[in-house]
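What follows draws every value from the coordinates through simple rules; no lab data is involved. Note that this is a predicted model, so its numbers are computed, not measured. In this analysis, Cβ positions are derived from the backbone assuming ideal geometry, glycine residues included, and neighbour counts consider all displayed protein chains.
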Amino acid sequence: MKPDSDFPSDARIDVQTEEGRVTGRIVLAGGGHAHLQVVESFGRRPLAGWQIVLVSPDEKVIYSGMLSGLLAGHYRREEVEIDLPALCRANSVDFIQGRGDGIDRGRRRLLLDDGRELSFDLLSLDIGGAFVPDSITGARDHAIPVRSIDRLLAAVGNGSEDERFTVIGGGAGGVETALAVHHHAVLPGLPPANRVRLVTAGALLEEKPDGLRRQIRKLFETRGISLIEHAPVAEISATEIVLADGRRFRSDATLLAAGPTPHGWLAHTGLALEDGFIAIRQTLQSVSDPDIFAAGDCATLAGAWQPKSGVSAVRAGAILAENLHLRAANEQLRAWHPPARQLMLLASGDQRAVASWGMFWCAGRWVWRIKDRIDRRWVKRFTIFS
């Protein structure tokens with residue numbers, strides 16, 4: 001392992017301030033929705049004597065709410081990207097490019113996958129989930145996770161006129177991806193039937209209103225998108241997918257949008273997990289370690305299952321920021337209450353969108369305009385103009 005000297009400060013930082021000598025480092029692992037707000041909060045409310053470090057494998061992150069619009073061709077890439085180093089500089093936070101791969105809790109170190117280590121006094125994880133399920137043979141070699149932006153855009157943008165696309169995943173992300181791929185890849189005048197297929201292990205948009213699900217099925221039928229439900233995928237090759245029941249389909253590009261699975265290395269941290277995700281209290285602290293926090297897809301509120309969604313991560317961000325400040329000051333933390341209902345804004349590929357709130361839903365071009373305004377406002381909030 002490389003020593004901590006590769007980083008801006010020594011292993012245990014000593015920060016000189018006007019008030020005196022103070023020691024402390026908060027490490028933010030991952031550049032997810034919640035950590036964007038945490039970085040912003042430390043710019044607005046500096047924590048005297050503490051070094052704040054954001055660690056992310058990517059310097060630029062694409063806002064997930066605008067990914068389908070990018071894929072469909074409605075946005076340019078620079079319109080949906082957030083520059084993490086620039087955001088950190090503007091808020092007096094250090095940025096390190098690297099990917100977390102372990103935690104040495106005894107030595108209070110975050111381990112990176114290139115062998116480097118970074119010491120911490122407080123650690124927060126917002127690393128999302130893994131998007132390549134080990135349960136599907138060949139997925140790592142032949143499938144493209146929707147979060148692998150360059151590979152995804154290349155697959156959709158460079159395909160031939162008769163290329164067949166398969167999207168795996170029947171949640172909101174899978175539906176948006178299938179509709180966006182169809183809009184981008186199926187050109188006017190070409191027969192659309194069977195060009196795009198969505199396969200899901202369960203039902204389409206489970207736990208969503210029946211009317212909404214009927215609307216999406218109708219959209220699929222109108223646009224010639226094949227839908228196969230209750231069909232787990234067993235194997236993926238370069239040219240086809242094989243379902244668990246033995247059916248085979250041609251697939252020139254297979255896109256994974258089935259939702260996050262846990263990062264395997266979390267199982268070796270000694271932290272309590274639920275279904276492989278970090279079990280947290282309502283304060284967003286690990287149930288195993290009060291100095292380790294987690295939010296977003298990598299975390300699960302202990303004993304209270306919630307669907308993984310960007311909305312939850314956004315809602316958790318403000319509480320996470322506040323509680324890191326409070327923990328550093330040894331003050332009582334606030335409780336986070338996940339929303340009982342979540343507004344879902346689902347883009348349908350053609351600058352229209354569907355809104356869902358509890359059992360209510362509506363659709364139209366005006367919904368897209370609302371979604372577009374919300375999404376652009378979010379990216380603008382974290383965009384630093386030089």
Show the residues, 5+ positions off or on another chain, whose built amide H is closer than 5 Å to the amide H of Gln51. Gly24, Arg25, Ile26
Separation of the Arg217 and Asp245 label points, Cα + 7 Å toward Cβ, nm: 1.5 nm
The chain: relative contact order in percent, alpha carbon pairs under 8 Å with at least 6 residues between: 18 percent
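Do the sum for the chain: with -39,500 (n - 2.57) for every DSSP H run of n ≥ 4, divided by all residues, what is the mean residue ellipticity at 222 nm, to the nearest 500 deg cm²/dmol?
Working: 10 runs with 106 residues, N = 386.
Value at 222 nm, helices only, nearest 500: -8000 deg cm²/dmol.
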Measuring from a point 7 Å past the Cα of Glu235 along Cα-to-C-beta, which residues in the stretch 123-160 have an amide N at less than 11 Å? 137-138
Label-point gap, in nm, between Asp150 and Arg76 - each point 7 angstrom along Cα→Cβ: 2.1 nm
Please compute the modelled spin-label separation between Ala203 and Ala318, points set 7 Å along Cα→Cβ, answer in nm with one decimal. 3.5 nm
With x for Gly and Pro, the residue-by-residue ³J(HN,Hα) of the stretch 344-354, computed from phi through the Karplus equation 6.51 cos²θ - 1.76 cosθ + 1.60 at θ = phi - 60° and given in whole Hz, is 10, 10, 10, 6, 9, x, 10, 6, 10, 8, 10
Sketch the reach of a paramagnetic label on Asp104 as a point 7 Å from Cα along Cα-to-Cβ, and name the residues of the stretch 110-126 whose backbone nitrogen lies under 19 Å away. 110-124
Using the eigenvalues of the Cα gyration tensor, what equivalent ellipsoid semi-axes result for the stretch 139-259 when each is taken as the square root of five times the eigenvalue, whole Å, largest first? 20, 18, 14
Counting C-alpha atoms alone, how compact is the chain: give Rg to one decimal and Dmax as a whole number, in angstrom. 21.7, 72
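What length, rounded to one decimal in nm, is gained on full extension from Ala267 through to Ser135, with 0.36 nm per residue of separation minus their alpha-carbon distance? Show your work: numbers first, answer last.
Values: separation 132, 0.36 × 132 = 47.52 nm, distance 1.69 nm.
Contour length minus the Cα-Cα distance gives 45.8 nm.
Give the percent of DSSP beta bridges with both residues in the chain that are antiparallel, rounded to the nearest 5.
Details: 33 of 67 bridges.
Restricted to the chain, the bridges split so that about 50 percent are antiparallel.
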Most exposed first by the Cβ proxy, i.e. fewest other Cβ within 10 Å, how do Glu40, Glu176, Glu229 rank? Glu229, Glu40, Glu176
Sort His142, His263 by Cβ crowding within 10 Å, fewest neighbours at the top. His142, His263
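Which whole-number percent is the relative contact order of the stretch 139-259 (Cα, under 8 Å, 6+ apart)? Mind showing how you got there, number by number?
On the way: 225 pairs, mean separation 44.5, N = 121.
With pairs under 8 Å counted, the relative contact order is 37 percent.
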Fraction of antiparallel bridges per DSSP, the stretch 139-259 only, in percent to nearest 5: 30 percent
Once normalised by the length of the stretch 271-386, the mean sequence separation of its alpha carbon contacts under 8 Å that are 6 or more apart gives a contact order in percent of 15 percent
Between Arg365 and Arg377, 0.36 nm times their residue separation minus their Cα-Cα distance comes to what? 2.5 nm
Where does each of Lys60, Lys380 land when they are ranked from fewest to most other beta-carbon atoms within 10 angstrom? Lys380, Lys60
